[in-house]
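A quick write-up on the structure given underneath.
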């Protein structure tokens, strides 16, 4: 299965999950679908048959509100049966709106409160290096999430300790809960911020799978951040770049229209 | 208490390279030996407690055993959600250590009064909560934490408190310690106020009220058996703590007594649920807030008198 196949499947799952669960954040999930697809198809050294293998790469979904996309990619990668995805948001299920590890193989860290993933990722990377282990840690952040001070505390720490085994990816779609990142709390000059904190910065098109692969294949002495320019709601024309779809779930009619677009 | 903590931590870390100590830039003059002897097991995370705690969770999830360290409310309240979500929910082997529990850093002001920590830490699922009464209890609690791990919260006093126990003690997690047998009332204490509680027991004895004295170095798990036993045995239980009256030992005991069909009356001696803007050292502030031995004694005798009066009226 190529990363393109995975991305297509993730988008379909996400649309169905948010429709049937009446859950939020479909735009955020579609935004990072390509990043997750490349990570799980081509980058992460993980084994669905042994999700706790000690030398696996660690992936932290720090933007936990896009949990539907993580659950979908884990199912596609074979960590659990994709039929379980219909339980998203259901009473009595474990597939909560925000990422939770309990009962879900392959989830490294429960998230949902923003700004938690990078500090934990720094801890994983620090300990891996201390223990002489070669596995790597990847953390996917939202752009709005970078409002959180703890992100920058961890950024300082990772650079100070030159954690070259840590990579962050920012899903930089430019929209957060109530508007653009720039009108909410300006991130720009965003790349300069990371550079000035001591990180290697790679700016890419976050929907270009080859570019994602190249950016994540690079190895540095320092921690690296991939600033992935993305489109919120990517793949569904009426959702793209609309802040409305941060919270709104697609109804049945909208689902049908959206599915016809993402299955192309 | 602080010195004992570092002695025990260093001994444990020297024996187990998986033990990692993460400080939030606190410990000048006391952590250097650890840093020198176990350099690969030491990190100064800087003045960044959220990162310190998330980092600790990550280090623990990658297989190590972590102690985070700072003073007063910084390792707890400043990064409360990291303790709840990252450490406790993932059952990460992290022990959060705060030095300066209660009013230890009295004169430093309100920011440094750790007076709600036990209530807040006690409310987090899966987090053990310890507040030893002296250096000997600290050692007993540390032995357990080293053997059995976190998630846990360890509240220390400062350095150089009076030592109450004259010999090392062995303690299971959640056990309380009987210090004195009285016969009239039970007096429970948690944390570094223990020595004052004992002196209050002396004063009470002089006034004809002999107290069973018990120290509770563990608030979670809590020694419910000892509390039930005292409630069956005595008409009055007194709790003493250098903590807000909301949510600490007094509250924990009250919760247990309230669910018993018949129980002792409870006298909670604690700090009022108000901020203290008063400047003073620990001893001064304890006195000002009714936590010195004489005030504790007075409060207990007065309340017992009131209780007797109420009992008469009810009859």
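The values are calculated or read from the model by the stated rules, or taken from the named source; none is laboratory data. None of these values were measured; they are calculated from a predicted model. So basically every Cβ, Gly included, is an ideal-geometry build from the backbone, and we count neighbours across all protein chains shown.
Odds and ends about this structure:
- Candidate set: the stretch A:84-99, residues that are assigned to a loop (DSSP other than H, G, I, E, B) and either out of contact with any helix residue (DSSP H, G or I) (no Cβ under 8 Å at 6 or more places or on another chain) or away from chain B (no Cβ under 14 Å) (or both); chosen: the one nearest to residue B:51 (Cα to Cα): A:97
- Residues of the stretch B:151-163 that are closer than 29 Å to residue B:82 by Cα and in a loop (DSSP other than H, G, I, E, B): B:151, B:156, B:157, B:158, B:159.
- Selection over the stretch A:101-123 of residues that are over 15 Å from residue B:82 (Cα atoms) and in contact (Cβ under 8 Å) with a residue 12 or more places away in the chain gives a count of 5.
- Given (1) surrounded by fewer than 16 Cβ atoms within 10 Å (Cβ to Cβ); (2) not assigned by TED's automatic domain parsing to the domain that holds residue B:266, index of the condition residue B:161 fails: (1)
- Subset of the stretch B:255-308 (residues that are within 28 Å of residue B:208 (Cα to Cα), under 18 Å from the mean Cα position of the chain (by Cα) and surrounded by fewer than 16 Cβ atoms within 10 Å (Cβ to Cβ)): B:272, B:283
- Taking the criterion of being more than 7 Å from chain A (Cβ to nearest Cβ) and under 25 Å from residue A:133 (Cβ atoms), the residues of the stretch B:62-85 that qualify are B:65, B:66, B:67, B:68.
- Residue tally, condition within 11 Å of chain B (Cβ to nearest Cβ), surrounded by fewer than 20 Cβ atoms within 10 Å (Cβ to Cβ) and over 22 Å from residue B:24 (Cα atoms), over the stretch A:132-157: 3
- Of the criteria (1) under 20 Å from residue A:22 (Cα atoms); (2) modelled with pLDDT under 95, which one residue A:103 fails: (1)
- Index of the failed condition, residue B:166 passing every other in (1) surrounded by fewer than 17 Cβ atoms within 10 Å (Cβ to Cβ); (2) modelled with pLDDT of 95 or more; (3) not in a helix (DSSP H, G or I): (2)
- Looking across B:59, B:19, B:26, one residue alone is more than 13 Å from chain A (Cβ to nearest Cβ) and under 28 Å from residue A:155 (Cα atoms). It is B:26.
- Meets criteria (away from every other protein chain (no Cβ under 14 Å), within 20 Å of the chain's Cα centre (by Cα) and assigned to a helix (DSSP H, G or I)) for residue B:7: yes
- Residues (surrounded by 19 or more Cβ atoms within 10 Å (Cβ to Cβ) and either in contact with a strand residue (DSSP E or B) (Cβ under 6 Å, 6 or more places away or on another chain) or within 14 Å of another protein chain (Cβ to nearest Cβ) (or both)) located in the stretch A:175-194: A:194
- Qualifying residue in the stretch B:105-126 (condition: within 14 Å of chain A (Cβ to nearest Cβ), in contact (Cβ under 8 Å) with a residue 60 or more places away in the chain and more than 17 Å from the chain's Cα centre (by Cα)): no
- Qualifying positions in the stretch B:8-24 - without any contact (Cβ under 8 Å) to a residue 60 or more places away in the chain and surrounded by 16 or more Cβ atoms within 10 Å (Cβ to Cβ): B:10, B:13, B:18, B:20, B:21, B:22, B:23, B:24
- Residues that are surrounded by fewer than 20 Cβ atoms within 10 Å (Cβ to Cβ), in contact with a strand residue (DSSP E or B) (Cβ under 9 Å, 6 or more places away or on another chain) and without any contact (Cβ under 8 Å) to a residue 40 or more places away in the chain, drawn from the stretch B:223-244: B:229
Residue by residue, here is whether (1) within 23 Å of residue A:214 (Cβ to Cβ); (2) touching a helix residue (DSSP H, G or I) at 6+ places or on another chain (Cβ under 8 Å) holds:
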{"residue": "A:3", "(1), (2)": "yes, yes"}
{"residue": "A:11", "(1), (2)": "yes, yes"}
{"residue": "A:19", "(1), (2)": "no, yes"}
{"residue": "A:45", "(1), (2)": "yes, no"}
{"residue": "A:59", "(1), (2)": "yes, yes"}
{"residue": "A:69", "(1), (2)": "yes, yes"}
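- Among the numbered conditions (1) modelled with pLDDT of 95 or more; (2) touching a helix residue (DSSP H, G or I) at 6+ places or on another chain (Cβ under 7 Å); (3) more than 21 Å from residue B:268 (Cβ to Cβ); (4) assigned to a loop (DSSP other than H, G, I, E, B), the only one that residue B:222 does not meet is (3).
- The stretch A:17-37: number of residues that are within 16 Å of residue A:112 (Cα to Cα) and surrounded by fewer than 24 Cβ atoms within 10 Å (Cβ to Cβ): 2
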